[in-house]
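Everything below concerns the one structure shown next.
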Amino acid sequence: MHSAPAAAALRPATSPATRSVAAWLFLSAAMVFAAAVIGAITRLTESGLSIVEWAPITGTLPPLSDQAWADAFTAYKATPQYRYMNAGMSLEAFQQIFFWEWLHRFWDRLTGLVFAAGLVWFALRRVLDWPLGLRLLVLLVLGGAQGVLGWMMVASGLNERPSVSHYLLAAHLGLAVLLYALILWAAYGLVLQRLGDFARAPALRRHTSIAIACVAVTMCWGAFVAGLDAGQVYNTFPLMDGRLLPPEAFSIIPAWLNAFDNTALVQFIHRWLAIGTSLVVLALAFRCSRTPVVGWGHLVGLMVVVQVCLGISTLLTQVPVWLGAMHQAGALLLLALLLALRFVARPVSESRLR
């Protein structure tokens, strides 16, 4: 048993300053969430190569004159994507794809600015303790690295290939998801109480960690699917054009590359990772029954069912942009709920700094 003062010291603080920090962190996480969804739309509309230079400051504004638009369009015409996929595109059509790439970059910059400004503000007011402040500073650096990685991804499609590297696309999404998760975890530490002092808590924590890992891996293969446009083929379920696994799934030599580069096998892996992940999460939701975290269990169980329905619908309809974006959003919401469940299942006696 813990003394009342000791237990109270481990509960989230409720001071106005702490609530302000939590609100800023949740806002930052929501902005990363929106950035990932906008990024999904950018990918699905084939807009990511419409801006051919990286100008973190001067690129904040879109072209503001007819000549500026003409220059931007001329630069795009020199890319492989224009030559091989969009030859003859009108200026109006170019402006539509330009908008999504510009919005994605603008929103990323705004997200970084909001996070950096909040970090400086709360640090100067001495609201953040050193461990939390240092962790948030690391996240700010990772956010800068995310910008560099995003440009590396775009640059991969500006030379010989008409699309970005699906490996860099997966890395770009993966880092965004990591930032999202770590910001949420910091915010949860300020507003959620830990309820993990019950008999099944250790097993539940392990199960939740496994579920989080499964969601992360499934999202990674989802990025491979998006990068290879693998969702545009085999648009049947549960079979792939009448077969469990199409024969062309191992057509690449060496064989191990098929898991990453072959549209048939990449989609197959993503399908079955998603099904396996859903079973893990549903089992977790059942395990939460008759525990203090049963409410969180109901939420993750409901969300994984919604996400499976979104995924199957996206596949059967050949990935319409709006549905593909909702599928991305669903994965992020599921991850947020699993992280919340993992946090509240921590023991009250555990150090706050762990």
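Of note:
- Normalised per residue, the accessible area of region 230-302 is 53 Å², obtained with a 1.4 Å probe and no contribution from ligands, DNA or RNA.
- Assuming charge only on the beta carbon of Lys and Arg (+1) and of Asp and Glu (-1), the dipole of the chain about its Cα centre is about 1680 debye to the nearest 20.
- Of Thr42, Thr263, Thr317, the residue with the greatest mean-square motion in the GNM of the chain, using alpha carbon springs below 10 Å, is Thr317.
- Between 0 and 90°, nearest 10: helix 263-287 axis offset from the chain longest Cα axis: 20 degrees
- Each Cα pair under 8 Å and six or more residues apart adds its sequence gap; the mean of these over the residue count of region 186-339 is a relative contact order of 26 percent.
- Highest-first packing order for the peptide set 278-286, 113-121 is 278-286, 113-121, based on the mean count of other beta carbon atoms within 10 Å.
- The share of accessible area on the chain that comes from carbon and sulfur is 70 percent, using a 1.4 angstrom probe.
- To the nearest ten degrees, helix 16-44 and the longest principal axis of the Cα atoms of the chain are 30 degrees apart.
- Compactness ratio for region 197-289: Cα radius of gyration over 2.2 N^0.38 Å (N = residue count) comes to 1.32.
- Dipole axis of region 73-222 (+1 Lys, Arg; -1 Asp, Glu on Cβ), positive-most option in Leu190, Thr74, Ala116: Leu190
- Crossing angle, helix 91-124 versus the chain [Cα axis fit, 0-90 degrees, rounded to tens]: 30 degrees
- Between Leu334, Leu273, Leu128, the residue with the greatest mean-square fluctuation in the GNM of the chain (Cα pairs under 10 Å linked by springs) is Leu128.
- The phi-based Karplus calculation (6.51 cos²θ - 1.76 cosθ + 1.60; θ = phi - 60°) puts the 3J(HN,Hα) values of region 151-160 at 5, 4, 5, 4, 4, 5, x, 10, 9, 10 Hz, whole numbers, x for Gly and Pro.
- Each of Ile312, Trp296, Ile275 was scored by the projection of its Cα onto the charge dipole of the chain, and the greatest displacement toward the positive side belongs to Trp296; charges sit on the C-beta of Lys, Arg, Asp and Glu.
- More than 20 Å apart - percent of Cα-Cα pairs taken over region 270-354: 40 percent
- Relative contact order of region 109-259, taken over Cα pairs closer than 8 Å and 6 or more residues apart, is 19 percent.
- Probing with 1.4 Å while keeping every protein chain in the model, the per residue accessible area of region 137-199 equals 43 Å².
- Averaging 1/r across all pairs of distinct Cα atoms in region 241-302 and inverting the result yields a Kirkwood radius of 13.8 Å.
- Dividing the mean sequence gap of close Cα pairs (under 8 Å, 6+ apart) by how many residues region 61-191 holds gives a relative contact order of 27 percent.
- In angstrom, the C-alpha Rg and Dmax of the chain are 22.4, 74.
- Among 232-245, 57-70, the peptide with the highest mean count of other Cβ atoms within 10 Å heads the list, and the full ranking is 232-245, 57-70.
The values are calculated or read from the model by the stated rules, or taken from the named source; none is laboratory data. Every value quoted in this text rests on a predicted model; they were computed, and no experiment measured them. For neighbour counting, all protein chains shown are included, and Cβ atoms are generated from backbone atoms with ideal geometry for every residue, glycine included. For accessibility, only protein heavy atoms count, side chains too; no ligands or nucleic acids. Shrake-Rupley method; radii C 1.70, N 1.55, O 1.52, S 1.80 Å.
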